[in-house]
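Let me begin by presenting the structure, written as structure tokens, before commenting on it.
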Amino acid sequence: QVQLVESGGGLVQPGGSLRLSCSASESIFHIYTMGWYRQGPGTQREWVASITAGGRTDYADSVKGRFTISRDSAKNTMYLQMNTLQPEDTAVYFCNAQRFTNAYWGQGTQVTVSS
């Protein structure tokens, strides 16, 4: 059972930056697609970004050019660098590991963008 733990959320002003981290309990980046999702108040969970085992990255249009997904396999840690944050980025951010029908989720970390 893979365990994922997010950290790095918090309160930030519009235009600010945050870096989220997702620590995995096992070395899985070489076989799992890793992703970030978010769920804002009263909304459904939505995909934000992902990185495949081969290193290909993809982003939702809403965050393209502002967010960067990366990983450090030696540390079993994935990151989401978020720049130019806006109030609409306010959400609980979840880490996901996906391989075929196997999917694992973290508990989420709150990001609030407000002045």
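The values are calculated or read from the model by the stated rules, or taken from the named source; none is laboratory data. Worth saying up front: this structure is predicted, and the values here are computed from it rather than measured. Cβ sites come from the backbone with ideal geometry, for glycine too, and all protein chains shown count toward neighbours. Note: accessible area is taken over every heavy atom of the protein model, side chains too, but ligands, DNA and RNA are not part of it. Shrake-Rupley method; radii C 1.70, N 1.55, O 1.52, S 1.80 Å.
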Unmet criterion (only one of (1) within 13 Å of the chain's Cα centre (by Cα); (2) over 17 Å from SER21 (Cβ atoms)) for THR68: (2)
Do we find that ALA74 is loosely packed, with under 14 Cβ neighbours inside 10 Å, over 14 Å from the mean Cα position of the chain (by Cα), free of Cβ contacts under 8 Å to residues at least 40 places away in the same chain and closer than 17 Å to GLN3 by Cβ in this structure? no
SER23 being open to solvent by 60 Å² or more (accessible area, probe 1.4 Å) and either more than 15 Å from ALA91 (Cα to Cα) or at pLDDT 95 or above (or both): no
Given the conditions (1) free of Cβ contacts under 8 Å to residues at least 40 places away in the same chain; (2) surrounded by 14 or more Cβ atoms within 10 Å (Cβ to Cβ), which single one is not true for GLY65? (2)
